[in-house]
Structures are given as structure tokens and as C-alpha cells.
Amino acid sequence: MVPAVLVLLIGALAYDRARGVVRDVRLADRSHAIIEKSDVILTRAVDAETGQRAFLITGDDRFLEPYQGARADIEKDLGSLRALVADDAVASEYSATIARLIPERFALLDTGIVMRRTGSPLTASAERLLVGKRKMDELRQTIGSLHERENAILERRRVAERRSLRNASIIVGAAAAMAIVLSALVNLAFSRALKERERINADLRVANEDLERQSDALETQAVEMESQQAELEATAEDLRATNEELNRTTRAAEEARNATESARQELERLLARRKRDEEGALLLSEASRVLASTLDYEKTLETVARLAVGDLADWCAVDLVQPEGSIRQVVVSHKEEEKIKWAKALNKRYPPDYGAPTGVGNVIRSGKPQIYREISDEMLVAGAHDADHLAIMRELQIKSALVVPMIARGRTLGAMTLISTDSGRLYDEGDEVLATELATRAAIAIDNAQLYRTAVEASQAKSAFLATMSHELRTPLNAIIGYQSLLQEGISGSLNDKQLAQLTRLRASADHLLGLIDEILTFSRLDAGKEVVQKEEVQLRPIIVEAITMVTPLAQEKGLALEDQSEDARIYTDSKKLRQILLNLFSNAIKFSDDGKITVRSRLDGDMVAVSVDDPGIGIAPENLDSIFEPFWQVEQHSTRRAGGTGLGLSVSRGLARLLGGDVRVESVPDRGSTFTLTLPADHHSA
Ligand code: ADP
């Protein structure tokens, strides 16, 4: 850096010096030219003066030629001199003085010439010659001064030139020295640079080797990459295959999804159907429960209709065939009580035409359901009685209707009508099946209720008949027994032994008959709920003993032993009824046993007293254990019966026991015997 600056500095100095030298040379040249040009001007003035003097002397025009030539040229020389001194103020003044003196001198010379030609006196000429001489002297002096000045300038310039030369030499020398130093420096720098370059070269070689190695590595990598590329291509191929596989799988998945979607829809449909089925099953089961809960079918029908209104319809009506054959609407149901009243009034005002080819009458006649999936306005118009009726029907906004028959044991008892309005439900075959099932169950309930009613009425009639008949039989039987007593006592005359024995058998039959009649009467009273209980504090054992005593002849007749193992207890009961129960149980034990021993036991069981009758008889099959307590029910049929009886004994016994707050139960093993146990409350607290 420093050498470069130095070189530049030296260069600049040298350049400056050179420029100074050039300028000095130019200035020296000009000084020379000024001197030369002023000399020429002086020479021409002298030449002109010389030529003029010669003319003056000779009067020969030929001597005027130099004068003429000088006069012609001097103007040019004056111009040249003026140009040379143009930028020099002092020299310009000299030049101006010269330029002024020359014309003045020539004017004097011209005057002399003119005077010569005209022949004027020479005195005048001498004076003029003096003026002319002074002019010439002034000119010479001016030019001489100019020369001196220029020469002085030239001298100064020469000194300056020498100094410049010396300075230039010094500068050049210095520059040369500097150049040497610089070159040495440069050499040094160069050698350093060389070394540096060698080092760099070495580095470059190392770098090259590295590069070669890297290049080798790169080649290896390139080979590897080629193989990787091959692998990648193979992978890409695999990927393409996988992609195709994926596409196929996607398509399959889409198909599967579509299939799943349709399966889902199918499932939803099935679920909806199942839900409906479940709701239907629930409705049916609830209906069955309600229908089974009571035999009051009219009330029950209302409940069923209300159930249908909740789940199946907005309106539900039931029409039943009446005993005389007419059809009557017995139930109409809706969510709102007001609407039910309104519908009943409407039904009264516009009674349905049961003879019409469609509707309830037709369903009852044909026994086939009718479904009106969508009820059109035309259908309303066709079914309306008048404009008012039509307006009401329209206002109802009936959407769909379903009429199903109510059939039980092959008889159509009526029809159930379901109507959909606000719910917007449109009935289909599924609804028809459900409604038919509901109607059938309702019909069966109605049928059962009607049967039950008939049975109850029949039973009541039978009880009434039995009561009347028993009562009527009892009066003459009592008369028979009374007369038998009179005869036996011989009040109307004595009887022989044979007659007395016949009278005893007569009495036994009459007593048996009386017993049967009493049993029937008791049953009738129980059945009618008219049996009266008269409870009192009594001792148990005396009543048991009394009953045993009464049946002992029968037991003896059959060779059966009767063992009383009972214990006494104080009980609060109706002793007559207790005796009647015990007599029944003892009689049966004797009736259905052929040999062995009948044992009577009693025990206190908490609040209850239990009296059990144990027999070794024929026993009772398990399936008959409940039936034997039903009235008129006997294990053996009448034709094959070994023992007599009405089949009312156990029914009456249980009825009485329950009336007294207890019960009669049985345990039995066929061919091994039976144990009948009567339980009664022990005292009046538990009675
Ligand atoms: P009845 O004795 O008049 O036939 P019950 O009502 O007293 O009527 O008895 C009903 C039926 O129960 C009898 O017909 C008989 O078949 C059966 N039965 C009752 N008691 C016994 C018993 N101790 N052993 C076997 N069977 C009996």
C-alpha cells in the first residue's frame, strides 16, 4: 500500500515537474519570439528610414521600395507582437508603445517623402528630421527595454530550468531509489506471495487429493445411489402395485361401505319394525294384563281403548254386537276427555250406518279387517251425512283408519276402529296385525266375561234352587223323623221287633238325608255369602270327643279303630261349625279307609290351633289334591264310587274354616293314607 502511494506521489511530482519544464520552455520560446519580432520591427523601421533618406537624397523612387516593403510588413509584425504579448500586461504596454511610435515615425517619413516630391524647403525638413530621430530613438529604447525585460525573463527561466532539472533529477533519482526499494519490496512480496502460492498450491494439492478422494467417495456414492435408485425404482414399482391394490381395496371398501350403509338402513328399518313390534308386544301384554285383571269387560274395554290411543291411534272406538243382534258403539276414546264427549254427541247425531258396504258393519259381518291407508277428501264426501257432517269430518283431519273384527271362539263379537289424525300415522299391514291381535284378546276377554257372567248367573240360580229345594225337603223330612219317633215310642200302639228294626233303618236313612240336606243348605248359604258365624269361647277337646262319638258306630261297622290323641285348648270359634267340619273329616277318613287306625291329634301352632285327622286309607293322587276342595268334585266317578256323598263335604269344610279365620289342608300319599289338617285361630285376639 505504502509503496503504491509513494510511487503515485513520485509520479505526481515528476508529472508536475515535467509540466513546469514544458511551461518554462514555452515561456522561453515566447520571450525569444518577442525579442525576434521586436528586432524585425526595429529593422523594418530602420530599413524604411534608410530607403526614405535615400529617396530624399536622390529623389529616385527605387529607393522607396524597402520603405514600401517595410511599411507593408510592419503592420503584420505589429499584429504578431501584439498576439505574443497578449497575456503579459507589461510586455503589452511595450508593444502598445511600439505600435504607437511606428505609425508616428512612418507619418514623419511620409511627410518627408511628400515634401521631397513637392520640393519644399529643407529647413523645415531638418526639424522634422529631429522629430523623426527622437521617434526612432524612443522606438529603439522601447524595443531595447523590451529586450532587456525579455532577456531578464529568459535568464530567470534558465536558472529556473536548471533548478527544475536538478529537482527533476533528484525526483527521478528518488524515484529510481524508490523503484529499487519498491522492486525489492515487490520482490520480497513476490517471494512471499510465491511461497504463499506454493503453500496454497500444496493446500490445493491436498485439497485436490481430498477432492479426488471425495470424488472417489462421490463415485462410490453415485454407484450406491444408482443401486439405491434401482431399489427406489423397485420400491416405486411396489408402491404403484400397492397403490393399485389400495385403489382396489378402496373400491372394495366403498362397496363394503355402500353395502354397510344399505345394511344399516335395513337394520334401522328392522330396528324400527322391532321397536314397533316391541311396542306392540308391550301394548298387547299390557292389554292382556288389564283384560285378565277383571271380568267387568265394559270397563276393561275402555282401558284397552285408552292403551290403543296412546300407542296406536289418536282415536279408538269399540262397537259390539248386542244380544238382540244390533250393533252399538260402547267405547270411544281420545287423549282429551272433551273430545270423547264431543265424539259421543257426534255419534248420536250422526249414527253410523252399520248396513253400509264398508266400515264397522261390514267388518263385523265379514269378520275381515279393513284398512284405509290414506283417507281422501272424496272418501269423506262419500261418507258424510250432510254438509255439517262433512265439515266436522274435514276438521278432524282424519289421515288413516283401521277397522278390525273382535273374534272369539269363532264368533265376531264386534269391531275395533282405530283412527289417526294429528299423529299423521298411516296404517299398514303391521298395524293391522297388531290391532287384530289386540281386538282378538279383547274379544276373548269379552267372551270370558260373558261366559263368567252366565256361569255366575247359573251358579246363583243353582244355589237358589238348592236352597229352596233343601228347604222344601227338610220340612217333610222333619215330619218323617217326627212320625218315626212317635211310632218307635209306641204311642200309637206297640210294634214287634221286626217293625222296630225297620223303623231304626228308616230313621238312619232319614238322618243321612237330613245331613245331606244340611250340607247342601250350608253350601248354598256359603255360596251366597249368607252363612252366619256365632263365635264364643269354647274348649276344643269336648267338641272333638263329641264328633268322634258320633262317627264311632260307622268306624266300628268297618272295623276301624279311632284313636283320640288330642289335647285340650281354649278357642274362640263357632262350635257348631267346628263340629260340622270335624264330622266331615272323620266321615271321609272312615269312608276311604278299609282297615287300620284313624288318629286324631291337636296342637297349638303359634296363634293357631291345628287338628289333624290321619287315616290309613286309599290316599289321593297329587294332581287331585286341589280339586277335592271344589264343590261336587269327587275322585271316583259316580258309577264306580265305593262310597256315597255329594262331593260338597270338603268344599263346605274349607268354606266354613276360612269363615272362622282358618283353613283346611291335605297331605296324602296314594295307597298309604291321608292327613287332613284343620287350622283355627286359638283365641279371640287372633280370630
Ligand atoms: P264326598 O265325600 O261327599 O264325595 P267330599 O267333598 O267330602 O265329598 O270329598 C271329595 C272327594 O275327596 C271324595 O269323593 C274323595 O274322592 C276324596 N276324599 C275326601 N276325603 C278323603 C280321604 N280321607 N281319603 C281319600 N280320599 C278322600
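The values are calculated or read from the model by the stated rules, or taken from the named source; none is laboratory data. No experiment lies behind these values; they were computed from the predicted model shown. Because the Cβ atoms are built from the backbone with ideal geometry, glycine has one as well, and the counts that use them run over all protein chains shown. In case anyone asks, the SASA skips ligands and DNA or RNA and just uses the protein heavy atoms, side chains included. Shrake-Rupley method; radii C 1.70, N 1.55, O 1.52, S 1.80 Å.
Calculate the length of the line joining the C-alpha centroid of the range 325-363 to that of the range 19-49, in whole Å.
After rounding, the separation between the Cα centres reads 161 Å.
Considering only Cα-Cα distances, which of the following residue pairs are longer than 32 Å: Lys530/Lys558; Lys341/Lys530; Lys498/Lys558; Lys530/Lys597?
Numbers: Lys530/Lys558 37 Å; Lys341/Lys530 42 Å; Lys498/Lys558 24 Å; Lys530/Lys597 37 Å.
Exceeds cut-off: Lys530/Lys558; Lys341/Lys530; Lys530/Lys597.
Would you grab the residues whose amide H sits under 5 Å from the one on Gly414? Only those 5+ places off in sequence or on another chain, please, with H modelled 1.01 Å from N.
It is Val321, Met406, by chain and number.
If packing is taken as the mean number of other Cβ atoms within 10 Å per residue, what is the order of 574-582, 149-157, highest first?
Going by the mean number of other Cβ atoms within 10 Å, highest first, we get 574-582, 149-157.
Taking amide H atoms as placed 1.01 Å from N in the peptide plane, list the residues 5 or more away in sequence, or in a different chain, whose amide H sits under 5 Å from that of Val538.
Placed amide hydrogens put Ile571, Tyr572, Thr573 under 5 Å from Val538.
Give the aspartates and glutamates whose C-alpha is closer than 15 Å to that of Lys133, dropping any in the same chain fewer than 8 places away, or say none.
Of all the aspartates and glutamates, those that pass the test against Lys133 - Cα under 15 Å, at least 8 places apart if same chain - are Asp47, Glu49, Glu104, Asp110.
If you take all C-alpha pairs in the range 304-449, what percent of them are over 24 Å apart?
The answer is 25 percent, as a whole percent.
If you place +1 on the Cβ of every Lys and Arg and -1 on the Cβ of every Asp and Glu, how big does the dipole about the Cα centre of the chain come out, in debye to the nearest 20?
It comes to approximately 3760 debye.
For Val609, which sequence-distant residues (separation of 5 or more, or a different chain) have an amide H within less than 5 Å of its own amide H, given hydrogens modelled in the peptide plane?
Under 5 Å from the amide H of Val609: Leu680, Ala682.
Please list Met136, Met393 in order of solvent-accessible area, largest first, computed with a 1.4 Å probe with all protein chains present.
Details: Met136 0, Met393 35 Å².
Sorted by accessible area, descending: Met393, Met136.
Which of the aspartates and glutamates could be linked to Lys577 by a straight reach, that is with a Cα gap under 15 Å, when you skip same-chain ones fewer than 8 residues away?
Asp518, Glu519, Glu531, Glu536, Glu537, Glu546, Asp663
Whole-Hz ³J(HN,Hα) for each residue in the range 37-51, computed from phi via Karplus 6.51 cos²θ - 1.76 cosθ + 1.60 with θ = phi - 60°, x for glycine and proline: what do you get?
5, 5, 4, 4, 4, 5, 4, 5, 5, 5, 4, 4, 5, 4, x
How much of the calculated P(r) for the range 41-172 lies past 17 Å, in percent of all Cα pairs?
In whole percent, the share of Cα-Cα pairs in the range 41-172 beyond 17 Å is 64.
Please report how far the C-alpha centroid of the range 229-299 lies from that of the range 74-141, rounded to the nearest whole angstrom.
144 Å
With N set to the number of residues, divide the alpha-carbon radius of gyration of the range 2-290 by 2.2 N^0.38 Å and report two decimals.
Expressed relative to 2.2 N^0.38 Å, the Cα Rg reads 3.13.
Convert each backbone phi in the range 428-441 into a coupling constant with the Karplus relation 6.51 cos²θ - 1.76 cosθ + 1.60 (shift: θ = phi - 60°), then list the ³J(HN,Hα) values in order as whole Hz, x for Gly and Pro.
Per-residue couplings from phi come out as 10, 4, x, 5, 5, 4, 5, 5, 4, 4, 4, 5, 5, 4 Hz.
Quick one: 3J(HN,Hα) in Hz for the range 134-145, Karplus 6.51/-1.76/1.60 with θ = phi - 60°, rounded, Gly and Pro as x.
Those phi angles translate into 5, 4, 5, 4, 4, 4, 4, 5, 4, 4, x, 4 Hz.
Can you tell me the alpha carbon radius of gyration of the range 535-681 divided by the globular rule-of-thumb value 2.2 N^0.38 Å?
Relative to the 2.2 N^0.38 Å estimate, the range 535-681 comes out at 0.99.
Taking 60 Å as R0, compute the FRET efficiency from the Cβ-Cβ separation of Glu237 and Asp422 and round it to 0.05.
0.30
Using all Cα-Cα distances in the range 506-574, what percent lands in each 5 angstrom bin from 0 up to the longest?
4, 13, 13, 17, 20, 20, 11, 2
If you wrap a convex hull around the C-alpha atoms of the range 371-495 and split its volume per residue, what is the figure in Å³?
189 Å³
What FRET efficiency comes out for Asp311 versus Tyr483 if R0 is 60 angstrom and r is the Cβ-Cβ distance? Round to the nearest 0.05.
So the FRET efficiency works out to roughly 0.25.
Regarding the chain, what is the average projected area of its C-alpha convex hull, in nm²?
Its Cα hull, projected and averaged over all orientations, spans 105.5 nm².
Straight-line reach only, C-alpha to C-alpha below 30 angstrom: list the lysines that Lys335 could link to, leaving out same-chain residues fewer than 8 apart.
Within the straight-line limit of under 30 Å, Lys335 reaches these lysines: Lys275, Lys299, Lys344, Lys348, Lys368, Lys399.
Report relative contact order for the range 535-681 in percent, whole number only (criteria: Cα-Cα under 8 Å, sequence separation at least 6).
On the way: 277 pairs, mean separation 35.6, N = 147.
The value is 24 percent.
How many angstrom lie between the Cα centre of the range 422-478 and the Cα centre of the range 508-523?
First find each Cα centre; the distance between them is then 33 Å.
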